[in-house]
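Have a look at the structure below, then the notes.
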Amino acid sequence: MYEKEYLMLPGPTPVPPRVLRALSEPLINHRGPAFKKLIEDVTEGIKFVYQTKYDVLVLPASGTGGMEASIVNFLSPGDKVLALSIGAFGDRYATIAKNYGCVVDKVDFEWGTAIDLEAVKAKLAADVKQEYKAILVTHNETSTGVCNDLKGLAEIRGNHPALLLVDSVSGLGVMDVRPDEWGLDVVVTAAQKGFMIPPGLAFISVSPRAWEAYEQSKAPKFYWDLGSAKKFLDKGQTPVTPALPQYTGLREALKIFQEKGMEFMFAKQLYLRDMTRAAVKALGLKPLAEDAIASAAVTAVWAPEGIEAKAINKKMREEYNVVLAGGQKQLENRIFRIGHLGYVQHLDILATIGALEMCLQELGYPVELGQGTKAVQEVIMSRKGII
Ligand SMILES: *Cc1c(COP(=O)(O)O)cnc(C)c1O
């Protein structure tokens, strides 16, 4: 392909050129000293991005494999869990637990809203025998562009013994997450969202409390056995053949986080979110999520009355090479989603909004060219020198 493509998805996300180069290094022996150094570097880098001192393990999996690992390592069939869902990925987490025989008490919140902490508080208070073994929660619900308040949730859990298991596949590295400080027992993420490398690796952090639960877990496991992964990591290896190119790519991507610092990376994400939302609103469109709960990774937008979301995405892709995501399940064809996490920069947003204006105008939506891009430019100008 000669034409430049704008991959504005909430995963997979674009890969920086220096990471692409690192992905093509020659293969090495995965049981030798070079790999030992590689996995040590990578583990240290992931801990930096996770802002944690807990154990962090790398799994040969997509994000869903990491989610499955978080169930089979810390729970047993028959365990009662509280699953909080605000969208498609919250539903998936509950399904994984159910398929492994957990007794799932699922609480659904309206898509486009965040979990209601008061409702969770009431659920935990009603659990007088403290039977819930875990609370399952999505940090950043990619299907709706809503971010849950993990710190608040951990505070509400208080002294309840339930483990807090977090799907932060699209949140980690994008928004502030502090496993140790907040008390998040297990946090799962994946390579192709905030980490700027291709899909195929999942990461999982494990608190000391979660390791205690691991000792009690009776769920069947082999490929996902984190105890085995930890034993091998201590020798500088992995239980099975690792995806070697992914590791060299990851080491390079992690260097970017280390060079820039997490404060910068989080601020950059908020900056991209704010300019996207400012533009969408300036165009007279409505984001699905309210400002207070808006994701820094992805912005979901209602298609205007009378225009199909799919028609917008099709036109964007065919005429301008801008790739947007659509809506999932009940939001199919009703919303479009602009991913702005990972290797995305301000001028990518400017280009996307510029193309969006042209598409909307041709689809019959009343918009003046420049109406949205001006809003993006104003945010860029207002933060000059800060970002
Ligand atoms: C992308 C995503 C997943 C699934 O990840 P895969 O890599 O496709 O398995 C899970 N949860 C959330 C919140 C996601 O954004």
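The values are calculated or read from the model by the stated rules, or taken from the named source; none is laboratory data. Being a predicted model, the structure only gives us computed values, none of them experimental. Every residue, glycine as well, gets a Cβ built from its backbone with ideal geometry; the counts of neighbours run over all protein chains shown. All accessible areas refer to the heavy atoms of the entire protein, side chains included, with ligands and DNA or RNA removed. Shrake-Rupley method; radii C 1.70, N 1.55, O 1.52, S 1.80 Å.
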Which one of these is in contact with a Cys (Cβ under 8 Å, 6 or more places away or on another chain) and either at pLDDT below 95 or not assigned by TED's automatic domain parsing to the domain that holds Thr142 (or both): Lys315, Lys329?
Lys315
Verdict on Leu165 being touching a residue at least 40 places away in the same chain (Cβ under 8 Å), on the phi < 0 side of the Ramachandran plot and within 16 Å of the ligand (Cβ to nearest atom)
yes
Kindly list the number of the only condition in (1) more than 30 Å from Glu318 (Cβ to Cβ); (2) open to solvent by 30 Å² or more (accessible area, probe 1.4 Å) that fails for Ser85.
(2)
Just to be sure, is Lys286 basic (Lys, Arg), farther than 26 Å from Gly65 by Cβ and without any contact (Cβ under 8 Å) to a residue 24 or more places away in the chain?
yes
The conditions are (1) of a type outside the set (D, E, K, R); (2) surrounded by fewer than 16 Cβ atoms within 10 Å (Cβ to Cβ); (3) in the same structural domain as Val298 (by TED's automatic domain parsing), and Met265 fails exactly one of them. Which is it?
(2)
When you go through (1) within 16 Å of the ligand (Cβ to nearest atom); (2) closer than 30 Å to Val323 by Cα one by one for Ala69, which number turns out not to apply?
(2)
Residues within region 194-232 that are closer than 24 Å to Leu164 by Cα and away from the ligand (no atom under 16 Å from the Cβ), tallied:
24
Could you tell me which numbered condition Arg277 fails, if it satisfies all but one of (1) more than 19 Å from Ile46 (Cα to Cα); (2) in contact (Cβ under 8 Å) with a residue 40 or more places away in the chain; (3) away from the ligand (no atom under 16 Å from the Cβ)?
(2)
Testing Gly173 on (1) at negative phi; (2) open to solvent by less than 10 Å² (accessible area, probe 1.4 Å); (3) not hydrophobic (A, V, I, L, M, F, W, C), one condition comes back false. Which one is that?
(1)
Checking the condition out of contact with any strand residue (DSSP E or B) (no Cβ under 8 Å at 6 or more places or on another chain), assigned by TED's automatic domain parsing to the domain that holds Leu360, closer than 20 Å to Gln345 by Cα and modelled with pLDDT of 95 or more, which residue from Asp291, Asp274 passes?
Asp274
Criterion: closer than 15 Å to Gly249 by Cβ and either buried (at least 22 other Cβ atoms within 10 Å of the Cβ) or within 16 Å of the ligand (Cβ to nearest atom) (or both) - qualifying residue of Ile28, Ile46
Ile46
When region 8-23 is examined, which residues are found to be open to solvent by less than 90 Å² (accessible area, probe 1.4 Å) and touching a helix residue (DSSP H, G or I) at 6+ places or on another chain (Cβ under 9 Å)?
Met8, Gly11, Pro14, Val15, Pro16, Arg18, Val19, Ala22, Leu23
